[in-house]
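Asker: Once you've had a glance at the structure underneath, I'll fire off some questions.
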Amino acid sequence: MYLLPGQQDAFPLFLIFLSSLAFVFLLLPPFMKYLVRRNRVVDDVHKQGGVKVPSPAGPLLVLALVIGEGFSYAFYPSVLPLVIVAVVLIASAVGLADDIFVLGGRIKPLLLLLSAIPLVAAGAAIQGVFDPRLYFPLFTLSGAHFTIYSILVLAALPIVSNAFNMVDSFNGEVSGFTILVSLALILGMILRASDQSDYSVGRLSLALPLAGASLGFYFYNRYPSRVFDGDSGSLALGAMYAALAVIGGVELAAVVAIIPAILNSFYILSSVRGLVERRMMGARPTKMGEDGLLYARREPTAPTTLVRMILLDGPLSEKGVVHIILILTAYACFLSAVTSALTWLL
């Protein structure tokens, strides 16, 4: 059995991970001060007393991801880090436009289609960027069909990006969520490498900046949040996750890991009956009581979300809500690990 990475890869992989983590951890505090000076602050709607939080930290997170991919390119030169960077920059640009101008619920997914173009174009021009087949646990793989697979990739980038965006509602939610699912993604890549002797360790290195940047961000984004990432951050994180799943060839395991986010998106879209920008929804799914706890709104017009369904069982603190969300995500990541094991070890 051919297992990657080898001992010689320990230092490069650690440095790639550390570069993104250290960049966020060290530079986010001065960037937060810069946002405050520029009056780029938003209300923390789940706090009493009109708490203001600097936002968006997305541009700095994206820069950390780009630096991490730069280290990946330095140690394992290929076109793959450049493709990831292009995907992240386009998705973040769409998110930044949404942070500033508030794009409509329909225009944003359409613009996010642009983030998939570098990935599909690279796959068409360069052999080996991704494998246009799906590997199923316990069963055989699908046939290779570049056109159909490319259509799926074009659909996946906006869907996954918006799923990450929709779990960016509470302190520490999206950062904690991204840490967990990126670890599940990395595990899937390692297990695939154990089965595929031609699987380059460079592909594994591509995922480390996502884990590093989200871990550094969690320190400041956890409850009580000192900074928010904004759509420029959450959309970039989601687009990068989707692109990594495609390039890493672990699509099914990656989908299993983000099931809580996918269900949350499905509940929202089905309850509001279409693509609606969350800031333009007529009612909020939750409300804060005088006791500081979150309650599910009972109005029929309130959109259905995963959090609202959790709160229907009784009120919780914001920290308690995020704790449950992350437990659900951890369980989904466990199922993702099982999916990877069934696919690559049996």
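Asker: At a Förster radius of 56 Å, what calculated FRET efficiency corresponds to the Cβ-Cβ distance of L346 and Y34, to the nearest 0.05?
Answerer: Numbers: r = 51 Å, r/R0 = 0.92.
It comes out at approximately 0.65.
Asker: What does the range 286-329 give for Rg and for Dmax, in Å, if only its C-alpha atoms count?
Answerer: 10.2, 30
Asker: Same structure, new question: Suppose the chain between L82 and F146 were pulled fully straight at 0.36 nm per residue; how much longer would it get relative to their current alpha carbon spacing?
Answerer: 20.9 nm is the gain from fully extending L82 to F146.
Asker: When only C-alpha pairs under 8 Å and at least 6 residues apart count, what is the relative contact order of the range 1-125, in percent?
Answerer: On the way: 95 pairs, mean separation 26.2, N = 125.
Dividing the mean separation by the residue count of the range 1-125 yields 21 percent.
Asker: How about the range 94-198: which chymotrypsin sites (Phe, Trp or Tyr not before Pro) there lie in a loop by DSSP and see at most 15 other Cβ atoms within 10 Å? Present the calculation step by step, with values, prior to reporting the outcome.
Answerer: Working: sites: F101, F130, Y135, F139, F146, Y149, F164, F170, F177; in loops: F130, F139, F170.
Those that pass, being in a loop and sparsely packed, are F139.
Asker: Based on DSSP H runs of at least 4 residues, each adding -39500 (n - 2.57), what is the mean residue ellipticity at 222 nm of the chain after dividing by all its residues, to the nearest 500 deg cm²/dmol? Intermediate results must be reported in sequence, preceding the final value.
Answerer: On the way: 12 runs with 225 residues, N = 346.
My calculation for the chain gives -22000 deg cm²/dmol from helical runs alone.
Asker: What does the charge dipole of the range 67-216 about its Cα centre add up to, to the nearest 20 debye, if the Cβ of each Lys and Arg holds +1 and the Cβ of each Asp and Glu holds -1? Before the final figure, lay out the partial values.
Answerer: Values: 5 positive and 8 negative charges, 47 e Å.
Taking the Cα centre of the range 67-216 as origin, the dipole is about 220 debye.
Asker: Right, another one. Can you give the translational diffusion coefficient of the range 217-346 in µm²/s, computed by Stokes-Einstein from the Kirkwood radius over Cα pairs at 4 °C and 1.567 mPa s? Could you put the intermediate results ahead of the total?
Answerer: Numbers: Rh = 16.7 Å.
Estimated diffusion coefficient is 78 µm²/s.
Asker: Another question, if that's okay. Quick one: of K287/K319; K52/K287; K47/K108; K108/K319; K47/K287, which pairs are farther than 20 Å apart, Cα to Cα? Walk me through the intermediate numbers first.
Answerer: Numbers: K287/K319 15 Å; K52/K287 18 Å; K47/K108 28 Å; K108/K319 30 Å; K47/K287 11 Å.
Beyond 20 Å: K47/K108; K108/K319.
Asker: On to the next question. Show log10 I(q)/I(0) for the range 1-156 at q = 0.09 Å⁻¹, two decimals, from a solvent-free Debye sum over equal Cα scatterers.
Answerer: Values, matching the q order: -0.45.
Asker: Give the dimensionless ratio obtained when the Cα radius of gyration of the chain is divided by 2.2 N^0.38 Å.
Answerer: Details: Rg = 19.6 Å, N = 346, 2.2 N^0.38 = 20.3 Å.
In units of the globular-protein estimate, the chain measures up at 0.97.
Values in this text are rule-based calculations from the coordinates and carry no lab data. The model shown is predicted, which means the values in this text are computed figures rather than measured ones. Methodologically, a virtual Cβ is constructed for each residue, glycine included, from the backbone with ideal geometry; neighbour enumeration extends over all protein chains shown.
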